[in-house]
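Asks: Sharing a structure here in structure tokens format.
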Amino acid sequence: MKSLKKLYRIGKGPSSSHTMGPERAANIFKEKHPDADGFKVTLYGSLAKTGKGHMTDAVLRQSFSPIPSEIIFDTEFDEGLAHPNAMDMQAFKGGEELEKVRVYSIGGAAIRFEGSEHAPAPEVYKENSFAEIAAYCREHDMRIWQYVERMEGPQIWLYLDEVWQTMKRSIREGLAAEGVLAGGLGVQRKAAYLYNQYHMDESAETRENRIVCAYAFAVSEQNASTGTVVTAPTCGAAGVVPAVLYYFQKKRNLSDSEILHGLATAGIIGNIIKTNASISGAECGCQAEVGSACCMASAALAEICGMSLDQIEYAAEVSMEHMLGLTCDPIDGLVQIPCIERNAVAAMRSINALSLANFLTHTRKISFDMVVKTMYETGKDMHCHYRETSEGGLAKTYSK
């Protein structure tokens, strides 16, 4: 598996696949052709069908600027695409084509050039499943965060600290912001409203739900407004992990170091899903994005609560098992409805999974690796209308 630095990426929303990935690809392609006087990008699959709402064309034009670029949305072509987030990039000089390449934005801001000679990122972890990682940790009498440090080196904590500071900043900025999100749906920011709705007779459980949801809304609304967020594991699911970790840090007066241990464990869970299945909504639906984020959050909570390896696994497994089949159906291709609210629901579910793991781990029948495999197969079986094309589900039935 790759470094956690390839999973947790800091950048501007609203989509790791539709903006951050294409932006990276455009920058690489532009750097390769410094003499080009024109660029053309043809978007296919989900990039074509929801790219307008995700602002794919805007970020591409900005990346190629000041060189002019033509962006084409081809919503019909799907022949030979290795991934539904596909695009062809062409560079021109004096009307002559210099090069044409196909690029895939495979989720979490990761990209793949078809037939590229670019060396892939090095494998940092030789273990690729939870079973293998758990066996290694038991053999060496260590926790998952210690395993991460051994494989990545102590410098990983500097990077994870930057990730955590960015997550906290996105919460604070989201709580301070008000108004209507751009895009035409008229979606009102709700984070500050939720956070400030205190009542004297509010129960502890109600307060927890309200505050956790406020944090998740804050990050997700920042993402929707092109604010800076961390892919955890994607932009569309960026609100789940920071929401629960920030809440628990305040509730239990935890140090940043303790939170980083949770982030490391969450990263391993996300990496397992990314390696063996997918974190791309265009490939496997929202179960791959918000579902994966829920797994990561519950595992992180289990870590900072000092739970066993079995309990960490059970918390993550429960989170995904009950997200199976979750569709990705963003209205108008915007990362707003149902995405923002869904982050809040998943954040609460991760806390529920933690509670179940505390009591029922000894009864479990399903492994985390099994549910990851099932998620991937479910995603592949899912009709394309429910995989980030905005052609089914809420995106189809909603009318203004």
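The values are calculated or read from the model by the stated rules, or taken from the named source; none is laboratory data. Keep in mind that what you see is a predicted model, and the values were worked out from it rather than measured. Using ideal geometry, Cβ is built from the backbone for each residue, glycine included, and neighbour counts are taken over all protein chains shown. Accessible surface is based on the protein model in full, side chains and every heavy atom, while ligands, DNA and RNA are left aside. Shrake-Rupley method; radii C 1.70, N 1.55, O 1.52, S 1.80 Å.
Asks: If I model a spin label as a point 7 Å beyond the Cα along the Cα-Cβ vector, how far apart are those points for residue 78 and residue 93 in nm?
Replies: If labels sit at residue 78 and residue 93, their model points lie 3.8 nm apart.
Asks: If the label point is 7 Å along Cα→Cβ of residue 381, which residues in the stretch 314-335 have backbone nitrogen under 16 Å from it?
Replies: 321-327
Asks: On a 0 to 90 degree scale, rounded to 10, what angle separates helix 309-321 from the longest Cα axis of the chain?
Replies: Taking Cα atoms only, the helix is inclined about 50 degrees.
Asks: Just the accessible area per residue of the chain, please: how many Å² with a 1.4 Å probe?
Replies: 41
Asks: As a quick test, which of the pairs 373/400; 12/49; 30/168; 49/251 have an alpha carbon distance above 31 angstrom in this structure?
Replies: Too far apart for the 31 Å limit: 373/400; 30/168; 49/251.
Asks: Moving on. Rounded to the nearest 5, what is the percent of antiparallel bridges among the DSSP beta bridges in the chain?
Replies: Rounded to the nearest five, the antiparallel share is 80 percent.
Asks: Take the solvent-accessible surface of the protein heavy atoms, probe 1.4 Å, and return the percent of it on the stretch 308-364 that carbon and sulfur atoms account for.
Replies: Solvent-exposed carbon and sulfur of the stretch 308-364 make up 55 percent of the total.
Asks: Can you compute the charge dipole magnitude of the chain about its Cα centre, using +1 on each Lys and Arg Cβ and -1 on each Asp and Glu Cβ, nothing else charged? Give it in debye, rounded to the nearest 20.
Replies: The calculation lands at about 740 debye.
Asks: Scan around residue 111 for amide H atoms under 5 Å from its own, H built in the peptide plane at 1.01 Å from N, and keep only partners 5 or more places away or cross-chain.
Replies: It is 106, by chain and number.
Asks: A follow-up question, please. Computing the accessible area with a 1.4 Å probe over protein heavy atoms, can you report the carbon and sulfur percentage for the stretch 1-83?
Replies: 47
Asks: Which ³J(HN,Hα) values, rounded to whole Hz and listed in residue order, are derived for the stretch 82-91 from phi using the Karplus coefficients 6.51, -1.76 and 1.60 in 6.51 cos²θ - 1.76 cosθ + 1.60 with θ = phi - 60°, glycine and proline given as x?
Replies: Computed from phi, the couplings for the stretch 82-91 are 7, 8, x, 9, 10, 7, 9, 10, 10, 10 Hz.
Asks: Between residue 182 and residue 65, how high is the FRET efficiency from 1/(1 + (r/R0)^6) when r is the Cβ-Cβ distance and R₀ = 30 Å? Nearest 0.05.
Replies: Computed FRET efficiency for residue 182 and residue 65: 0.90.
Asks: Moving on to the next point. Mind ordering 192-204, 77-89, 130-142, 47-59 by average Cβ neighbours within 10 Å, highest first?
Replies: Output ranking for 192-204, 77-89, 130-142, 47-59: 47-59, 77-89, 130-142, 192-204.
Asks: Modelling each spin label as a point 7 Å along the Cα-to-Cβ direction, I'd like the residue 252/residue 113 distance in nm, to one decimal.
Replies: Computed distance between label sites residue 252 and residue 113 equals 4.5 nm.
Asks: With a point put 7 Å past each Cα toward its Cβ, work out how far residue 37 is from residue 123 in nm, to one decimal.
Replies: Placing both labels 7 Å beyond Cα along the Cβ direction yields 4.7 nm.
Asks: So, by mean Cβ neighbours within 10 angstrom, what's the order for 324-335, 218-229, 156-167 with the highest one leading?
Replies: Put in order of decreasing packing, that is 218-229, 324-335, 156-167.
Asks: With r as the distance between the Cβ atoms of residue 138 and residue 158 and R0 = 25 Å, compute the FRET efficiency 1/(1 + (r/R0)^6) and round to 0.05.
Replies: Efficiency at R0 = 25 Å is approximately 0.35.
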